[in-house]
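One structure is given here, and the rest of the page talks about it.
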Amino acid sequence: MAASGSDLDDKRWNFEQEIRDVFNASLKCSFPELKEEAVIYDSQLGMPGDFNCQNVLTIWPILRKSPELREMYPHIKTPRDIGEVIKKNLPTYVSDMMDEEPSVEDVGFVTLSLSREWLTKAVYGFDGIEMLSYVALWDLRFILVLAFDLGEMGNTFVYLLHRRAEIHRITNQSRKDIDELKNASNLIWEKYEGWEEGEERMLEFHLLEFTEVLEESCLSVLPHMMCKYLYDLSKKFESYNDSVRTGEGGSHAETSKFLLCEATALVMEKCFHLLGITPENSISAQPLLLRLQSSVRPPMAEREKKVEATLESEFVHRFITPCFVSAVRDPCRKSRFEVFTIRPFITTDSMFEKGNMFGLISVSDKYGLRSHGGAHLFEPDFPYVPLFNVEWCDPINIHHAEVVYLENPSSHLSVPFSSSIEIRMELYVTTEKKDGCFQLCNRKFKMDLKDIWGEKLYSKCGRLNVKGKDGRILMHYILLKDAVDTALQVTFKGKRHRKVYGNIFAYYGGEFSYDCLHSTQDYYMALLCRSYLKIGQIPLKKSMLAVPKNASLKIKAHLVDVDANEVILSGCYEFLRPTEGITYGILDGFDGTTCSLELKVDWKY
């Protein structure tokens with residue numbers, strides 16, 4: 001079993017709580033007066049450590065504003081000092097979980113890297129999968145009937161069957177070795193070169209995240225999350241198995257290979273079971289159908305019949321397959337919530353001029369059409385779609401009160417809205433020297449949008465003022481009742497030796513009414529590009545934009561020859577909204593400049 005403060009034999013164990021317990025113990029010892037709960041995020045690729053504790057973002061503002069607490073902690077002069085205190089007070093057993101010292105990064109984030117021995121033991125001790133019975137699913141059983149794609153590549157049922165068969169072949173052939181390892185009182189773990197970035201580590205983490213995915217998919221009644229987890233598990237195992245075949249780790253990887261195969265097989269079977277899939281049965285292609293079937297209830301359930309009927313009707317509503325509902329019957333599906341810019345204001349430091357911003361802005365997606373990817377560890381990615389998702393290790397530069405143009409949302413498409421939409425904002429700003437940090441906002445709230453459906457308007461501009469502990473955010477958006485999604489492409493033609501800097505924007509024209517002050521109309525534009533240009537297709541910051549029914553799409557550009565310090569192209573091209581298909585346009589440079597921008601708009605009806 002893993003050596004830590006929690007016993008992995010306990011069937012209530014989960015990966016999330018194991019990591020939280022480590023930092024909660026340190027916070028309780030470091031700042032008992034604050035009663036802080038650990039704020040943990042997974043470290044993205046290229047970031048230090050596997051997890052990082054970001055409580056500095058909440059503790060520093062409290063200490064900064066409290067003379068009494070500053071007297072209690074005179075040694076804390078900067079946010080980074082908070083991180084050092086948290087690191088110092090980590091429980092002693094944490095050394096058994098790591099093979100290197102924790103580190104303090106950036107403004108004061110404490111990072112933790114898990115050792116190969118602990119991870120493998122944790123996966124090995126994860127054979128208490130039987131705890132995940134349907135009793136844990138509020139005594140409701142969900143059976144998912146899918147139209148299985150019979151292709152052998154990609155996210156298909158046949159691909160999953162191939163991986164399952166491969167895993168079973170390995171476990172069956174190595175059953176004797178696996179049983180001996182399970183019964184062994186001592187296992188020797190050796191760390192081979194490249195393990196920290198290797199496929200084994202990725203597979204181990206994915207296996208340990210099973211309980212969190214299961215909980216979220218069941219509590220939110222979102223079986224697609226379990227399907228995605230199963231596919232990702234298959235891919236990660238395939239990559240790991242390929243790396244073992246090619247000799248990665250040599251004999252040192254043999255012990256973990258057998259145990260990982262066994263753990264992967266257990267988790268994969270549980271995924272199939274929870275999805276109501278019996279792989280041994282023959283599968284025939286059939287129309288897509290989602291069917292909810294209640295399990296047999298215990299006698300006491302009779303008392304809850306009315307409540308369960310209500311619950312099941314809500315579940316059925318959330319299970320409706322998007323492709324069966326036409327936009328004519330449900331006009332909300334053609335609506336779009338298009339956010340263009342935000343403006344950050346720091347209100348607790350009059351000397352602040354510029355710094356770095358990171359965090360998350362996400363909006364709810366009622367229909368589940370846009371949900372894609374996650375944000376923070378152990379937080380559900382559904383039904384929210386990130387519009388702004390920037391990690392602390394790669395923040396954006398900002399100036400006080402200046403405009404920040406948003407890029408493509410994670411879904412690469414704008415989100416539809418109905419009578420309301422929920423918004424989550426968690427944004428932080430640090431000074432350039434990392435000697436100060438500010439909470440711009442940390443809120444979740446609902447916008448009431450009923451009024452726009454009762455008005456004879458196709459669109460409506462809006463500005464949202466969201467306040468936080470140390471500042472506020474102005475968010476500029478447009479509500480579109482009847483819109484079509486577009487994909488934009490811009491290609492630069494010109495002389496190769498010329499150094500060109502360009503600004504390219506997109507906005508609405510035609511009969512579109514911005515219904516705002518003329519001086520603020522720039523806040524409702526999409527920034528496609530603001531950078532030096534190379535010959536060829538330009539990588540756009542925002543390449544997807546919804547266009548309202550009564551509007552055209554305008555693209556304006558301003559290009560400058562940097563060496564000559566002269567404008568070589570400045571103009572605007574207007575695309576009228578067609579009935580279907582792709583439209584093209586061109587913006588020519590001034591006479592003698594031999595440059596142009598080729599424009600392409602794909603109207604996705």
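The values are calculated or read from the model by the stated rules, or taken from the named source; none is laboratory data. Just so it is clear, the model here is predicted, and its values are computed rather than measured. Cβ coordinates were reconstructed from backbone atoms using ideal geometry, including for glycine residues, and neighbour counts include every protein chain displayed.
ASN89 passes every criterion in (1) at pLDDT below 90; (2) polar (S, T, N, Q); (3) touching a Cys at 6+ places or on another chain (Cβ under 6 Å) apart from (1). As for segment 91-100, it holds at least one residue that is within 22 Å of LEU34 (Cα to Cα) and in contact with a helix residue (DSSP H, G or I) (Cβ under 9 Å, 6 or more places away or on another chain). Among strands (runs of 3 or more DSSP E) entirely within segment 444-511, having at least 3 residues that are of a type in the set (Phe, Trp, Tyr) and not assigned by TED's automatic domain parsing to the domain that holds SER420 singles out 500-510. Elements of the type strands (runs of 3 or more DSSP E) sitting completely within segment 514-605 and holding at least 1 residues that are among the hydroxyl-bearing types (Ser, Thr, Tyr) and touching a strand residue (DSSP E or B) at 6+ places or on another chain (Cβ under 8 Å): these cover 526-533, 551-561, 566-575, 581-588, 596-604. Taking the numbered list (1) at pLDDT below 95; (2) surrounded by fewer than 19 Cβ atoms within 10 Å (Cβ to Cβ) in turn, MET97 passes all entries but (2).
Across segment 572-605, the number of residues qualifying as without any contact (Cβ under 8 Å) to a residue 24 or more places away in the chain and at positive phi comes to 2. Of everything in segment 430-442 that's assigned to a strand (DSSP E or B) and in contact with an Asp or Glu (Cβ under 8 Å, 6 or more places away or on another chain), which residue is nearest to HIS399 (Cα to Cα)? Once the filter is applied, the top-ranked residue is THR430. Every test in (1) at pLDDT 80 or above; (2) basic (Lys, Arg); (3) farther than 17 Å from ARG20 by Cα is passed by ARG141 save one, and that test is (1).
I'm trying to understand the selection: among the residues of segment 101-124, which are in a loop (DSSP other than H, G, I, E, B) and either in contact with an Asp or Glu (Cβ under 6 Å, 6 or more places away or on another chain) or at pLDDT below 80 (or both)? Hits for segment 101-124 are SER113, LEU114, SER115. LEU427 passes every criterion in (1) among the aliphatic types (A, V, I, L, M); (2) in contact with a Phe, Trp or Tyr (Cβ under 7 Å, 6 or more places away or on another chain); (3) over 30 Å from GLU574 (Cβ atoms) apart from (2).
Considering every residue within segment 382-399, establish whether at least one is under 25 Å from PRO79 (Cα atoms), touching a residue at least 60 places away in the same chain (Cβ under 8 Å) and either buried (at least 20 other Cβ atoms within 10 Å of the Cβ) or in contact with a Ser or Thr (Cβ under 6 Å, 6 or more places away or on another chain) (or both).
Going residue by residue through segment 382-399, those that are under 25 Å from PRO79 (Cα atoms) are 388-399.
Still in the running and touching a residue at least 60 places away in the same chain (Cβ under 8 Å): 391-393.
When the remaining residues are screened for being either buried (at least 20 other Cβ atoms within 10 Å of the Cβ) or in contact with a Ser or Thr (Cβ under 6 Å, 6 or more places away or on another chain) (or both), the result is 392.
Looking through segment 382-399, at least one residue is under 25 Å from PRO79 (Cα atoms), touching a residue at least 60 places away in the same chain (Cβ under 8 Å) and either buried (at least 20 other Cβ atoms within 10 Å of the Cβ) or in contact with a Ser or Thr (Cβ under 6 Å, 6 or more places away or on another chain) (or both).
For segment 449-490, enumerate the residues that are of a type in the set (Phe, Trp, Tyr) and touching a residue at least 40 places away in the same chain (Cβ under 8 Å). Scanning segment 449-490 gives TYR458, TYR477.
Specify the residue that is farthest from the chain's Cα centre (by Cα); the eligible residues are those in segment 73-100 that are β-branched (Val, Ile, Thr) and part of a helix (DSSP H, G or I).
Within segment 73-100, the match that is farthest from the chain's Cα centre (by Cα) is THR92.
When GLY368, GLY374, GLY454 are screened for being surrounded by fewer than 21 Cβ atoms within 10 Å (Cβ to Cβ), small (Gly, Ala, Ser), more than 21 Å from the chain's Cα centre (by Cα) and at pLDDT below 90, only GLY454 passes. Annotation note: Cβ proximity below 9 Å between a residue of segment 19-43 that is under 11 Å from ILE59 (Cβ atoms) and a residue that is surrounded by 19 or more Cβ atoms within 10 Å (Cβ to Cβ) and of a type in the set (D, E, K, R) (sequence gap 6+ or interchain) occurs for LEU27/GLU36; SER30/GLU36.
Scan GLY510, GLY585, GLY592 and give me the residue that is farther than 18 Å from ALA487 by Cβ and surrounded by 14 or more Cβ atoms within 10 Å (Cβ to Cβ).
GLY510
Do we find that SER220 is among the polar types (S, T, N, Q) and modelled with pLDDT under 70 in this structure? Considered against the rule, which asks whether it is among the polar types (S, T, N, Q) and modelled with pLDDT under 70, SER220 comes out as yes. Evaluate segment 502-521: report whether one residue or more is touching a Phe, Trp or Tyr at 6+ places or on another chain (Cβ under 7 Å) and of a type in the set (Asp, Glu). Checked segment 502-521: no residue is touching a Phe, Trp or Tyr at 6+ places or on another chain (Cβ under 7 Å) and of a type in the set (Asp, Glu). Across segment 63-119, the qualifying residues are those that are of a type in the set (Gly, Ala, Ser) and in contact with a strand residue (DSSP E or B) (Cβ under 8 Å, 6 or more places away or on another chain), and the one among them that is farthest from THR431 (Cα to Cα) is SER103. One residue stands out among those in segment 18-45 that are under 18 Å from GLU204 (Cα atoms) and surrounded by fewer than 15 Cβ atoms within 10 Å (Cβ to Cβ): the one that is modelled with the lowest pLDDT, which is LEU45.
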